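Novice: Take a look at the following structure, please.
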Amino acid sequence: MQNLSIPSTLESHVLPLAFSSTILKGFLDLHDLAAVAASILISPGDHVRARYELVGVNCTYADVAQALTNYSREHGGEAVECVRVPKEVALKAMEDRGVIRDEFGRRALEVMFDYYDTRGIPGSTNVLHWLLGRKPTTWEGLIKRELDTTFE
């Protein structure tokens, strides 16, 4: 979830995407991941040979934009809209920022964008719920946690 800059998105009112905003994706809050990692490190015997698919919430980027819009409007702001960016434009921007360093990285992102555009990457939220002992963080919860002390 933290790969999206919430403050920047609220400031620009745009959520640029190189893939469909309506395909279901699985998201994970890094605080939830850290809580699970800490639990495993404290009691490693309980997790011998275990593999966990960790998904906190399944939703679309259109849902994420709606959650951001709801928060923004509650604080006198504007709506956030998903804007489709051509794949080549997104890849060029990533190259310019140094995210893509070679042809392998570029190709990997192209394939990922194509997959996200057609299939998404949802998963079961049950495993994370069980490991945390509570419901995973939602987008609404993350936005509130990240911004309630900084939103202007």
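The values are calculated or read from the model by the stated rules, or taken from the named source; none is laboratory data. Given the structure is predicted, the values throughout are model-derived calculations rather than measurements. Cβ: placed from backbone, ideal geometry, glycine included. Neighbour counts: every protein chain shown.
Novice: Looking only at region 33-45, count every residue that is of a type outside the set (A, V, I, L, M), free of Cβ contacts under 8 Å to residues at least 60 places away in the same chain and surrounded by 10 or more Cβ atoms within 10 Å (Cβ to Cβ) and tell me the total.
Specialist: From region 33-45, those of a type outside the set (A, V, I, L, M) are 39, 43-45; that's our starting set.
From what's left, free of Cβ contacts under 8 Å to residues at least 60 places away in the same chain: 43-45.
Retained after the next criterion (residues that are surrounded by 10 or more Cβ atoms within 10 Å (Cβ to Cβ)): 44.
Looking only at that region, the number is 1.
Novice: Have a look at Arg119, Arg97 and point out the one that is surrounded by fewer than 14 Cβ atoms within 10 Å (Cβ to Cβ) and in contact (Cβ under 8 Å) with a residue 60 or more places away in the chain.
Specialist: After ruling out the rest, the residue left standing is Arg119.
Novice: Considering only residues that are among the β-branched types (Val, Ile, Thr) and under 14 Å from Glu140 (Cβ atoms), look in region 62-83 and name the one that is surrounded by the fewest Cβ atoms within 10 Å (Cβ to Cβ).
Specialist: Ranking the qualifying residues of region 62-83, first place goes to Thr69.
Novice: Now for a different question. Of the conditions (1) touching a strand residue (DSSP E or B) at 6+ places or on another chain (Cβ under 8 Å); (2) in contact (Cβ under 8 Å) with a residue 24 or more places away in the chain, Asp29 clears all except one; give me its number.
Specialist: Checking Asp29 against (1) touching a strand residue (DSSP E or B) at 6+ places or on another chain (Cβ under 8 Å); (2) in contact (Cβ under 8 Å) with a residue 24 or more places away in the chain, the one that fails is (1).
Novice: Only residues that are within 19 Å of Glu140 (Cα to Cα) and either in a helix (DSSP H, G or I) or among the polar types (S, T, N, Q) (or both): list them for region 16-33, please.
Specialist: Ser21, Thr22, Leu30, His31, Asp32, Leu33
Novice: Also, quick follow-up: Does Ala108 qualify as being surrounded by 11 or more Cβ atoms within 10 Å (Cβ to Cβ) and more than 17 Å from the chain's Cα centre (by Cα)? Explain how you work it out, then say what you get.
Specialist: Values: surrounded by 11 or more Cβ atoms within 10 Å (Cβ to Cβ): yes; more than 17 Å from the chain's Cα centre (by Cα): yes.
Here the answer is yes, as Ala108 does meet what is asked.
Novice: Inside region 112-152, can you point out the residues that are part of a helix (DSSP H, G or I) and hydroxyl-bearing (Ser, Thr, Tyr)?
Specialist: Answer for region 112-152, where residues must be part of a helix (DSSP H, G or I) and hydroxyl-bearing (Ser, Thr, Tyr): Tyr115, Tyr116, Thr118.
Novice: Report yes if some residue within region 88-111 is assigned to a loop (DSSP other than H, G, I, E, B), within 17 Å of Ser21 (Cα to Cα) and modelled with pLDDT of 95 or more; otherwise report no.
Specialist: Step one: of region 88-111, the residues assigned to a loop (DSSP other than H, G, I, E, B) are 97-102.
Narrowing the set further to residues that are within 17 Å of Ser21 (Cα to Cα) leaves none.
No, region 88-111 has no match at all.
Novice: Let me ask something additional. Restricting to region 41-69, count the residues that are closer than 19 Å to Lys135 by Cα and assigned to a helix (DSSP H, G or I).
Specialist: 3
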